[in-house]
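Accompanying notes for the structure given below.
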Amino acid sequence: MTLPTINGEVKKIDESAGKMTIKHDAITNLDMGAMTMVFKANDPAMLKEVKPGDKIKFSADKVKGQITVMMV
């Protein structure tokens with residue numbers, strides 16, 4: 001399954017927890033409206049590629065019960 005690309009803005013990075021906070025548009029594959037929430041990073045290296053304030057395009061999916069950023 002191809003995951004949709006979502007527009008978002010990075011609000012916070014928490015490298016020690018492997019998570020990022022993103023203000024995002026609706027995530028159709030997860031039936032989620034637009035909001036700001038914390039996501040687990042599928043690959044912790046992606047946390048070094050972005051910083052708060054960055055406008056990003058990303059994909060997200062549910063992995064082991066956690067909503068996870070799969071690609072930035």
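Coordinate-derived values only; no laboratory data. Computed from a predicted structure; not experimentally measured. Every residue, glycine among them, receives a Cβ derived from its backbone with ideal geometry; neighbour counts consider all protein chains shown.
Considering the chain as a Gaussian network with a 10 Å cut-off on Cα pairs, which listed residue, LYS55, LYS19, LYS40, attains the greatest mean-square fluctuation?
With Cα springs under 10 Å in the chain, the top fluctuation among LYS55, LYS19, LYS40 is at LYS55.
Using Cα pairs closer than 8 Å and at least 6 residues apart in sequence, work out the relative contact order for segment 6-71, in percent.
Relative contact order comes out at 35 percent.
Starting from 0.36 nm per residue, how many nanometres of slack lie between THR36 and MET70 once their C-alpha separation is accounted for?
That pair, THR36 and MET70, stretches by 10.5 nm at full extension.
Report the equivalent ellipsoid semi-axes for segment 23-72 in whole Å, largest first, defined as the square roots of five times the eigenvalues of the gyration tensor built from alpha carbon atoms.
Its equivalent ellipsoid spans semi-axes of 17, 14, 8 Å.
Tally Lys and Arg at +1 and Asp and Glu at -1 over the other residues with C-beta under 12 Å from the C-beta of ASP25: what net charge comes out?
+2
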